[in-house]
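Below you'll find the structure, written out as structure tokens, and then a few comments.
The values are calculated or read from the model by the stated rules, or taken from the named source; none is laboratory data. Since this is a predicted model, take the numbers as computed values, not measurements. Neighbour counts run over all protein chains shown; Cβ positions are idealised from the backbone, glycine included.
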Amino acid sequence: MRKPEFENLLQVLKCRAPERPTLFEFFLNGRLEQILAGREYMAHPHSEEERTASQRNMASAVNEYNTLVRMDAFINAGYDYVTLGACVGFGFPAKGRAHGNTVSLNDGFIITDRASFEAYQWKDPADGDNSHFDFMLKNMPSARATASPSTSPSTTTWR
């Protein structure tokens, strides 16, 4: 396996030629990540709202395991970085979406105009759980970095 080199991705982002072809994706789908990692994600047994203290500890262990699965997927696919969400449990609710052969990209959104934007109950990013970054940094191979997708609070962690 070739040595990962995050500097190649930085060169691409600076519109410069990297030393070798460089892969970049913000997202890999969960099924593909599980195939690339050679193992499946663990599901959380309870929703966030109904977890007891011991279930929160178990959820933390599940998050750590799932972080390792995602890291393995990106490593095995040859990427020089891993994408992880910045805040565990920090998401934005959406309406249900239609399922069928085709769906509208506009389907399922809660904020559709200025009035719905103003009425939205925004979450505080400080309430999110970023402890997985500490875990990830302890377990990430050298010369790799992680970038947070644009759908969650933006964070880039360097190792």
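Of the residues screened, Tyr79 is one that is modelled with pLDDT of 80 or more, part of a loop (DSSP other than H, G, I, E, B) and closer than 21 Å to Ala37 by Cβ.
Residues of the stretch 1-48 being modelled with pLDDT under 85, assigned to a helix (DSSP H, G or I) and among the aliphatic types (A, V, I, L, M), which ones? The one that is modelled with pLDDT under 85, assigned to a helix (DSSP H, G or I) and among the aliphatic types (A, V, I, L, M): Leu9.
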